[in-house]
1. With viscosity set to 0.890 mPa s at 25 °C, what whole-number translational diffusion coefficient in µm²/s follows for the chain from Stokes-Einstein and a Kirkwood radius over Cα pairs?
2. Need the full-extension length gain, residue 678 to residue 364, defined as separation in residues times 0.36 nm minus the C-alpha distance. One decimal, nm.
3. Once R0 is set to 51 Å, what does the formula 1/(1 + (r/R0)^6) return for the Cβ-Cβ distance between residue 28 and residue 449, expressed as a FRET efficiency to the nearest 0.05?
4. What is the distance, in nm, between label points placed 7 Å from the Cα along the Cα-to-Cβ direction at residue 542 and at residue 273?
5. Positive end of the charge dipole of the chain (Lys, Arg +1 and Asp, Glu -1 on Cβ, about the Cα centre): tell me which of 413, 71, 158 has its Cα farthest that way.
6. Aspartates and glutamates near residue 35 by alpha-carbon distance under 20 Å, same-chain residues fewer than 8 away left out - which ones?
7. Take each complete run of DSSP H in the chain, measure how far its Cα atoms stretch along the helix's own axis, and keep only those covering 18 Å or more with mean Kyte-Doolittle hydropathy at least 0.5; list them.
8. Explain nothing, just the number: dipole magnitude of the chain about its Cα centre with +1 on each Lys and Arg Cβ and -1 on each Asp and Glu Cβ, in debye rounded to the nearest 20.
Amino acid sequence: MSLNHQNSLEMVATHDFICISNRLPVDRVIDADGKPGWATSPGGLITAMDAVMREKGGAWIGWPGVADEEFEPFSKELIDIYPVMLTAKDVEQFYEGFANDTVWPLYHDVIVPPAYHRDWWVTYQRVNQRFANEAARLASPHAMVWVHDYQLQLVPRMLRELRPDLTIGFFNHIPFPAYELFSQLPWRRQIINGVLGADIIGFQRPADGGNFRRAVRRLLGYKTKNELVWEPQSDGAYRTIVARSFPISIDVAGFEAMAKSPAIQERARELRHQLGQDKVIMLGVDRLDYTKGIRHRIKAYSELLADGRLSVENTTLVQVASPSRERVETYRQLRDEIELTVGRVNGDYGSIADTAVHYLHQGYPREEMVALYLAADVMLVTALRDGMNLVAKEYVATRFDRRGTLVLSEFAGASDELKQALLVNPHDIEGLKDRIVEAATMGAAEQERRMRSLRRRVADHDVARWSQSFLDAMERSRLLREAEERRDASESASTEYAVSGSELIGALGDFSRQESVLVALDFDGTLSPEVDRPEDARALPEVQNSLERLAAMKGVSLALLSGRSLASLRHVSRVPDSVYLVGSHGAEVHDPDTGEGMGISEEEQQLVSRLGAVLNEAVEGIPGVWVESKPVGHAVHTRLASADDALRATAAADSAADSLGVLLKVREGKNIREFAIRDVTKAEGIRLLKKRVGALAVLFAGDDVTDEDAFLALSDGDVSIKVGQGPTAATHRVSSPEAMAEVLHKLAILLESR
Ligand code: GDG
């Protein structure tokens with residue numbers, strides 16, 4: 001944080017990192033002496049942001065939950081909080097209206113009809129502008145701003161217009177609907193354009209990202225390629241936006257620690273005792289919301305009681321339905337319906353001794369929720385549509401005893417990851433009933449087997465990892481843009497760097513004066529023109545000649561870095577033995593001195609094989625598409641396919657890869673989509689080589705987006721060359737492999753003559 005003079009009257013603190021959400025992570029409280037203050041609400045988001053906020057001197061902008069009252073900025077536990085004022089009318093039209101009665105139902109598959117009101121839209125824009133203005137005022141130059149959720153979809157664009165220097169992230173916590181539904185929205189273009197003001201756009205599921213990119217193509221006609229959106233700029237260039245999934249999670253260690261606390265365990269025992277020691281206790285925990293499938297759950301349970309498959313003597317359902325959006329009419333109606341149903345079920349099936357449904361329309365402290373999770377034999381998550389559903393992950397995190405069964409809706413984002421739950425389609429009441437009975441009667445060994453696997457997944461992917469991966473993506477975007485700006489500043493953006501251009505020759509001259517250098521080159525598209533069959537690729541003859549000269553020089557280490565497997569690279573490159581070969585984007589390294597490579601574990605190998613099997617099955621029969629095996633993954637090639645078939649193949653490959661239920665690293669190149677079980681980039685390959693050969697300077701040339709990682713890994717004094725068109729972090733550009741041949745020829749001359 002630093003202090004700036006915003007204008008002569010006002011001293012304003014500025015921040016390098018800002019988080020914006022509709023609701024602040026604090027609640028207004030009045031203490032015992034009637035003194036007002038602020039209490040941190042222990043939500044997942046603040047836990048996720050806590051470390052980064054402290055480290056970066058972050059600020060949080062949001063509404064404190066009280067209408068018509070202005071609050072001064074304040075600090076709470078090292079976070080600077082800037083309350084935004086909402087009038088009662090704003091709350092009604094922006095929050096309850098447009099956000100919760102237009103966007104929320106529309107984005108949750110129109111489970112209830114969305115209401116479209118022009119005055120709500122006007123207020124939504126006005127309030128979004130207020131949030132954007134505040135962020136623009138508080139952000140330091142080149143700061144990062146992370147905007148959260150569907151209430152603030154216009155903020156990214158508004159902020160970009162005010163402060164183009166910022167790196168902006170947007171995360172959508174709820175689903176993004178299919179185009180056929182989204183297109184109902186009268187302001188669909190404005191919303192898409194608003195979100196696209198961000199550099200990084202995050203969604204819960206890959207399918208949400210796909211829906212969003214489709215809406216971008218249909219409504220604005222922008223090109224998208226896999227996870228990238230290309231937004232045309234007024235100068236003819238393109239801005240690259242990343243729109244992809246970042247599945248959110250919870251503070252796993254925090255939940256587990258609570259579950260292990262003696263007080264909470266004692267409370268869990270007490271709950272079990274009160275509910276019936278020998279009963280199967282089923283639990284639902286939701287905000288009272290029509291998306292959560294509470295009615296479906298109660299209906300299925302009541303039918304099971306009616307059928308006699310379950311009875312109130314040996315089961316009970318505890319339903320916590322915490323109050324939510326009570327001023328919105330559809331929520332009032334839902335509450336009435338649920339309460340009517342619960343009353344009927346209890347009236348029809350309960351007895352003096354046994355209650356069928358314990359219905360609790362109350363909010364509870366987190367400790368009580370954890371005790372309930374521990375007491376429950378079966379957790380019912382039957383959402384009709386849910387971005388993620390954190391309750392499912394919380395239940396798993398607390399069950400360190402590896403007992404309990406999770407029944408989980410396929411329509412909750414969590415089902416992408418929690419494959420060992422009993423997955424269910426909540427609309428299929430018969431199927432839901434079968435799943436509930438299966439869960440209620442599941443043996444201990446099977447519970448343990450499933451819970452062990454669920455817990456491993458959740459433990460490996462906690463909320464810290466989620467926020468870190470989003471922030472890393474923002475940081476990467478910031479670095480790329482800075483590199484572009486540096487290049488633009490040194491020469492006009494549209495000018496191609498010619499080989500004979502003084503800039504590049506000057507850089508090559510400086511580079512060649514170093515005592516020990518590393519010349520690292522991508523192969524396909526950089527040294528060899530593109531060919532139909534990958535095995536036919538060959539370096540241009542002039543290039544081959546320069547490579548042989550460079551390979552023979554003292555003080556020069558030569559390396560080829562490719563996305564190809566090592567074997568394939570060795571086959572096509574035909575370079576002298578002294579050349580370092582790095583295959584599979586850095587996953588495989590061949591050191592000519594030691595002959596060493598980098599291995600992968602047996603477990604990883606098995607996962608790679610499973611991935612290969614599902615990908616092959618998914619694209620089988622699609623003309624012009626094939627799957628190439630790589631050491632840590634597989635690549636789907638679409639170069640020979642028609643545009644339609646290529647799209648069909650990548651979509652099929654995406655869902656096949658999703659079906660494995662593991663988070664894969666997906667990388668896209670020209671007509672190629674790679675799925676890897678772990679991250680390997682050419683940047684790591686470069687770092688490894690530089691260290692191994694002890695080079696003082698590095699030259700790297702490449703043509704593909706996968707080469708951008710390597711460009712970013714270079715430092716001052718290094719030379720980076722992009723071959724061909726497209727946005728790049730490289731400092732120099734040449735037009736083609738032929739032009740690159742000329743560069744290498746000149747480089748060989750310069751190095752030879754030192
Ligand atoms: C949105 C998206 C996405 C509930 N009642 C009480 C209570 N809770 C806590 C739960 C959980 C949280 O509230 C609810 O999170 P969910 O993920 O289940 O659902 P939404 O509120 O709809 O959240 C959702 C999420 O954003 C994050 O991106 O997963 O899909 O709809 O943590 O434990 N907590 C306490 N008392 C209660 O009575 N203390």
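1. For the chosen part, D equals 86 µm²/s.
2. Working: separation 314, 0.36 × 314 = 113.04 nm, distance 3.99 nm.
Full extension from residue 678 to residue 364 adds 109.1 nm.
3. 0.65
4. About 8.7 nm separates the two model spin labels.
5. Checked the options; the winner is 413.
6. In chain and number order, the partners are 27, 68, 69, 70, 72, 77.
7. Flagged H segments are 737-752.
8. 280
The numbers here are math on the coordinates, done by the rules we state, and not lab data. Keep in mind it's a predicted model, so treat the numbers as computed, not measured. Neighbour counts are summed over all protein chains in view; Cβ atoms, including those assigned to glycine, are modelled from backbone coordinates with ideal geometry.
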